[in-house]
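The values are calculated or read from the model by the stated rules, or taken from the named source; none is laboratory data. Keep in mind it's a predicted model, so treat the numbers as computed, not measured. Neighbour counts are summed over all protein chains in view; Cβ atoms, including those assigned to glycine, are modelled from backbone coordinates with ideal geometry. To get the accessible areas, we keep the full protein, side chains included, count just its heavy atoms, and leave off ligands, DNA and RNA. Shrake-Rupley method; radii C 1.70, N 1.55, O 1.52, S 1.80 Å.
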Amino acid sequence: MNLNPFEADNSVSCQLTSEIPEVCRTEDCCLGIDEAGRGPVLGPMVYGICFCPVSKKENLKDLKVADSKTLTEAERENLFQKLDEAKSYVGWALQVLSPNTISTSMLQRTKYNLNALSHDTAIGLVQYALDSGVQLKEVYVDTVGPAEKYEEKLSKRFPGIEVTVRPKADSLFPVVSAASICAKVARDRVVKGWNFAEDLGEVDADYGSGYPNDPKTKAWLLKYLDPVFGYPQFVRFSWSTAQTLMDSKAVTVHWDDDEEDGEKAAQRQNNRSMLSYFGASAGGNDQNLTHQTHRFFTDRRLKSLNTL
């Protein structure tokens with residue numbers, strides 16, 4: 001598994017793929033979908049697909065693939081190695097969703113929640129397999145949200161393919177278990193080798209599980225919270241845990257497009273709104289300015305005007 005494309009810029013999402021087995025282009029295939037890292041406040045979420053000919057389903061069982069959450073890291077690595085060695089009939093693809101992608105998606109003006117992001121990512125991976133010539137006939141998915149609605153959505157999007165969406169699909173269908181292992185191995189490797197773009201010095205890698213309720217994770221979040229710039233891009237700043245810490249420990253910022261008028265909020269805190277630097281002085285008289293004009297304006301002989 002070559003992670004270089006993602007590691008080159010871990011602020012954006014990236015697709016990683018295996019070679020497509022020739023047999024998957026000629027025989028009817030099944031495909032499983034699962035993710036790793038949906039809940040943590042640290043690191044990416046990875047969506048994975050794994051596919052093989054329907055005739056090879058039993059071979060996956062023989063590999064003894066299982067839900068990645070029930071396996072140790074060493075067991076997952078071993079099983080991924082076995083899947084990689086079975087490349088004559090097994091293929092996989094991953095979409096690594098960076099923490100930055102997740103947070104900016106969730107906090108954009110038009111709300112794009114994690115379920116919608118998950119659905120679109122899964123659909124994109126299935127479409128990738130079809131575009132690559134994989135003869136898909138069966139798709140098995142670990143559900144996100146209500147299973148029946150998700151199954152109906154995927155069936156409409158991919159007519160002619162038998163779609164099965166179930167809770168805990170990674171423990172029911174070996175092809176989903178295989179996808180789960182691929183996704184989890186990729187996330188573990190990415191998190192372990194995370195390249196911090198920020199200048200943080202020697203970073204403490206003991207951040208626990210990455211889940212919000214983990215004391216080690218909370219301690220790490222407190223340690224690396226910058227009061228002005230917030231968190232490094234390793235953190236999903238849209239998570240309530242991160243937002244709560246920023247609200248209580250970081251410098252307060254007043255935005256003029258907040259629900260409460262920014263200038264009034266700033267005045268109440270004895271701060272100056274950013275807009276005040278662009279307003280005209282009372283009566284248009286430069287002598288009445290309550291703050292010193294910045295050199296940028298004086299060097300260019302720029303003045304505020306009341307009228308045009």
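Note on region 73-97: residues that are in a helix (DSSP H, G or I), open to solvent by 10 Å² or more (accessible area, probe 1.4 Å) and touching a residue at least 12 places away in the same chain (Cβ under 8 Å) amount to 6. If you go through region 115-135 one residue at a time, do you hit one that is more than 26 Å from residue 24 (Cα to Cα) and either open to solvent by less than 40 Å² (accessible area, probe 1.4 Å) or outside any helix (DSSP H, G or I) (or both)? Checked region 115-135: at least one residue is more than 26 Å from residue 24 (Cα to Cα) and either open to solvent by less than 40 Å² (accessible area, probe 1.4 Å) or outside any helix (DSSP H, G or I) (or both).
Determine whether residue 65 is open to solvent by less than 40 Å² (accessible area, probe 1.4 Å) and modelled with pLDDT under 90. Yes; evaluated as a whole, the condition is true for this residue. Cβ-Cβ contacts under 8 Å between residues 6 or more apart (or on different chains), taken from a first residue in region 219-246 that is without any contact (Cβ under 8 Å) to a residue 12 or more places away in the chain to a second residue that is surrounded by 18 or more Cβ atoms within 10 Å (Cβ to Cβ), are listed as 243/237. Residue check: residue 190 meets all listed conditions (1) in contact with a Phe, Trp or Tyr (Cβ under 9 Å, 6 or more places away or on another chain); (2) within 24 Å of residue 57 (Cα to Cα) but one, namely (2). The set of residues from region 96-135 being more than 18 Å from the chain's Cα centre (by Cα) and of a type in the set (Phe, Trp, Tyr) comprises just one member, 128. Restricting to region 191-215, and then to whatever is within 20 Å of the chain's Cα centre (by Cα) and of a type in the set (Asp, Glu), can you tell me which residue is surrounded by the fewest Cβ atoms within 10 Å (Cβ to Cβ)? Among residues in region 191-215 that are within 20 Å of the chain's Cα centre (by Cα) and of a type in the set (Asp, Glu), the one surrounded by the fewest Cβ atoms within 10 Å (Cβ to Cβ) is 198.
Here's the yes/no breakdown for (1) under 22 Å from residue 135 (Cα atoms); (2) among the acidic types (Asp, Glu):
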residue: 6; (1), (2): no, no
residue: 12; (1), (2): no, no
residue: 19; (1), (2): yes, yes
residue: 23; (1), (2): yes, no
residue: 37; (1), (2): no, no
residue: 46; (1), (2): no, no
residue: 52; (1), (2): yes, no
residue: 55; (1), (2): yes, no
residue: 65; (1), (2): no, no
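Return a yes/no flag: does region 102-111 have any residue that is of a type in the set (A, V, I, L, M) and part of a loop (DSSP other than H, G, I, E, B). Among the residues of region 102-111, not one is of a type in the set (A, V, I, L, M) and part of a loop (DSSP other than H, G, I, E, B), which makes the answer no. Being farther than 27 Å from residue 61 by Cα and among the β-branched types (Val, Ile, Thr) holds for only one residue in 102, 123, and it is 102.
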